[in-house]
Ligand SMILES: Cc1cc2nc3c(=O)[nH]c(=O)nc-3n(C[C@H](O)[C@H](O)[C@H](O)COP(=O)(O)OP(=O)(O)OC[C@H]3O[C@@H](n4cnc5c(N)ncnc54)[C@H](O)[C@@H]3O)c2cc1C
């Protein structure tokens with residue numbers, strides 16, 4: 001008998017879940033009908049690409065990572081391999097703001113771990129005391145207990161305050177739009193505490209991992225750079241997935257309000273503002289706070305755990321300038337801004353330098369990030385005021401003389417789950433509570449990774465688990 005599965009949320013997590021179910025249906029091992037419910041009038045969630053004035057604007061994400069393979073594998077299955085593009089070669093240079101000016105981050109700095117002594121010694125980013133402190137890292141004893149720790153505490157303890165303020169906060173805290181004093185290391189960068197445990201040092205651990213990666217890449221002929229994008233923007237991925245769906249799968253404008261279990265019918269009822277739908281199983285990919293709202297009457301304890309995951313808000317500001325109006329050579333992927341510099345911008349991507357085909361030759365396209373957990377009040381202002389502050393920083397840092405030819409602000413309220421200390425314990429409790437409902441799965445950015453690759457993995461894993469549960473149920477029914 002055909003089983004009906006409802007996927008809630010049309011961001012990349014929900015799309016990946018619905019797509020995997022469609023693939024499983026086509027294998028013929030189980031007969032499935034899939035419905036995807038999305039509140040807004042478009043699919044993709046925070047993934048959005050705009051084409052205007054010969055520019056390709058990424059309003060949200062601009063790339064995905066390849067060392068977590070789920071997104072790359074999905075692109076391969078969708079026939080997108082030929083359309084994946086690597087960043088252009090700028091020597092992978094990334095700048096940071098130091099005492100009001102742009103300075104290159106020392107080569108070989110991997111998130112928090114310096115791997116090249118020479119470039120750190122030459123860098124003006126750190127004082128001599130800071131450089132010595134960093135060099136002593138291999139001698140710092142391991143932490144005796146292996147409980148969770150904040151990013152700030154770990155980096156201060158192992159590498160010193162300057163590495164935290166100048167590198168780890170803007171790079172790692174920036175990815176999560178988070179406060180490093182509360183950000184959980186176990187949930188965001190588990191490989192670093194693991195290096196401390198196994199190698200006694202993140203510097204030695206990182207060097208050994210690099211050597212191993214280089215060897216493996218040589219042996220396997222690894223094809224992709226660490227990050228990839230798509231020639232006509234990340235929204236191509238959304239369209240390709242949607243094209244693979246049967247007609248009628250997607251229902252836009254359906255805001256899910258409540259999810260309830262009908263023990264008599266052994267099925268789920270999903271209430272939206274417009275309709276009530278019945279299903280054999282549900283995959284909910286909503287942000288945790290929205291999932292909490294939908295599940296509140298089903299299980300208050302589960303809803304309470306979901307509600308407790310905080311979120312921060314960000315905005316991107318895409319700006320196009322005449323190249324000749326910018327004094328800086330723009331010879332890198334962009335810059336990050338340490339919070340101690342007291343600027344409004346968190347980071348800026350030199351979009352037209354990073355990926356080919358984003359702007360005509362005589363235009364520089366720049367994308368700035370603002371807000372996050374450290375500067376939430378910035379987003380309380382209207383767009384014009386926010387744009388003026390972003391421009392003031394940008395124009396001072398890059399030596400820009402003219403006005404932008406385009407300025408596009410996109411707000412992402414409550415978009416970034418904050419994986420605070422103890423997050424993985426909470427996720428463990430959520431998993432345990434979900435054991436009561438074998439035909440309900442939660443997936444998406446709120447739990448085990450915010451990147452697109454993590455979200456694809458979580459959506460696909462949920463789809464496979466739910467299909468397997470339904471298959472077991474069917475065979476049990478068939479036997480009885
Ligand atoms: C500005 C920005 C830049 C980023 N850059 C990168 C990057 O370069 N690389 C990378 O890997 N990651 C990046 N990320 C992170 C990554 O893009 C996201 O974490 C990921 O896309 C989230 O996908 P999702 O499906 O879990 O959630 P979302 O994209 O938030 O999707 C959730 C969906 O649920 C819908 N919804 C909400 N409530 C309801 C309801 N009640 N009923 C029905 N539908 C509902 C929403 O409308 C939305 O479509 C970035 C994120 C942001 C915000």
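Laid out as a table, the results:
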| read-out | value |
| --- | --- |
| Qualifying residue in segment 418-430 (condition: outside any helix (DSSP H, G or I) and within 13 Å of the ligand (Cβ to nearest atom)) | yes |
| Identity of the residue in segment 284-334, within 16 Å of the ligand (Cβ to nearest atom), assigned to a loop (DSSP other than H, G, I, E, B) and within 21 Å of the chain's Cα centre (by Cα), that ends up surrounded by the fewest Cβ atoms within 10 Å (Cβ to Cβ) | 310 |
| Of the criteria (1) away from the ligand (no atom under 15 Å from the Cβ); (2) surrounded by fewer than 17 Cβ atoms within 10 Å (Cβ to Cβ); (3) over 21 Å from the mean Cα position of the chain (by Cα), which one residue 276 fails | (1) |
| Residue pairs meeting the criteria (Cβ under 6 Å; at least 6 apart or on separate chains; first near the ligand (Cβ under 6 Å from one of its atoms), in segment 37-52; second assigned to a loop (DSSP other than H, G, I, E, B)) | 37/254; 38/10; 39/255; 46/60; 47/60; 47/61; 47/234 |
| Of all residues in segment 53-72 being part of a loop (DSSP other than H, G, I, E, B) and more than 7 Å from the ligand (Cβ to nearest atom), the one that is modelled with the lowest pLDDT | 67 |
| Condition met for residue 110 (within 16 Å of the ligand (Cβ to nearest atom) and under 21 Å from the mean Cα position of the chain (by Cα)) | no |
| Residue tally, condition surrounded by fewer than 22 Cβ atoms within 10 Å (Cβ to Cβ) and away from the ligand (no atom under 15 Å from the Cβ), over segment 73-95 | 14 |
| Residue in segment 216-238 that is surrounded by the fewest Cβ atoms within 10 Å (Cβ to Cβ), counting only those that are assigned to a strand (DSSP E or B) and modelled with pLDDT under 95 | 227 |
| Any chance residue 269 is near the ligand (Cβ under 9 Å from one of its atoms), assigned to a strand (DSSP E or B) and more than 20 Å from residue 46 (Cα to Cα) | no |
| Selection within segment 141-191 - touching a residue at least 60 places away in the same chain (Cβ under 8 Å), buried (at least 24 other Cβ atoms within 10 Å of the Cβ) and over 17 Å from the mean Cα position of the chain (by Cα) | 166, 167 |
| Near pairs, Cβ below 6 angstrom, 6+ apart or cross-chain, from segment 257-279 (within 15 Å of residue 9 (Cα to Cα)) to any residue that is part of a loop (DSSP other than H, G, I, E, B) | 259/298; 272/254; 272/255; 273/255 |
| Residue check, residue 167 at pLDDT below 95 and not in a loop (DSSP other than H, G, I, E, B) | yes |
| Count of segment 116-130 residues which are in contact with a helix residue (DSSP H, G or I) (Cβ under 7 Å, 6 or more places away or on another chain) and surrounded by fewer than 18 Cβ atoms within 10 Å (Cβ to Cβ) | 2 |
| Checking residue 117 against (1) at positive phi; (2) modelled with pLDDT under 95, the condition it does not meet | (1) |
| Filtered residues of segment 73-111 (kept if part of a loop (DSSP other than H, G, I, E, B) and under 25 Å from residue 46 (Cα atoms)) | 78, 79, 80, 86, 87, 88, 111 |
| Segment 1-36: number of residues that are in a loop (DSSP other than H, G, I, E, B), in contact with a strand residue (DSSP E or B) (Cβ under 9 Å, 6 or more places away or on another chain) and more than 8 Å from the ligand (Cβ to nearest atom) | 3 |
| Members of segment 454-469 that are touching a helix residue (DSSP H, G or I) at 6+ places or on another chain (Cβ under 6 Å) and either surrounded by fewer than 24 Cβ atoms within 10 Å (Cβ to Cβ) or closer than 12 Å to residue 5 by Cα (or both) | 457, 460, 462, 463, 467 |
| Residue tally, condition touching a strand residue (DSSP E or B) at 6+ places or on another chain (Cβ under 8 Å) and over 30 Å from residue 73 (Cβ atoms), over segment 260-273 | 9 |
| Residue match in segment 239-254 (condition: within 11 Å of the ligand (Cβ to nearest atom), crowded, with 16+ Cβ neighbours inside 10 Å, assigned to a loop (DSSP other than H, G, I, E, B) and at negative phi) | yes |
| Qualifying residue in segment 388-405 (condition: surrounded by fewer than 21 Cβ atoms within 10 Å (Cβ to Cβ), in contact (Cβ under 8 Å) with a residue 60 or more places away in the chain and in a strand (DSSP E or B)) | yes |
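The values are calculated or read from the model by the stated rules, or taken from the named source; none is laboratory data. Because the structure is predicted, anything quoted here is derived from the model rather than measured. For neighbour counting, all protein chains shown are included, and Cβ atoms are generated from backbone atoms with ideal geometry for every residue, glycine included.
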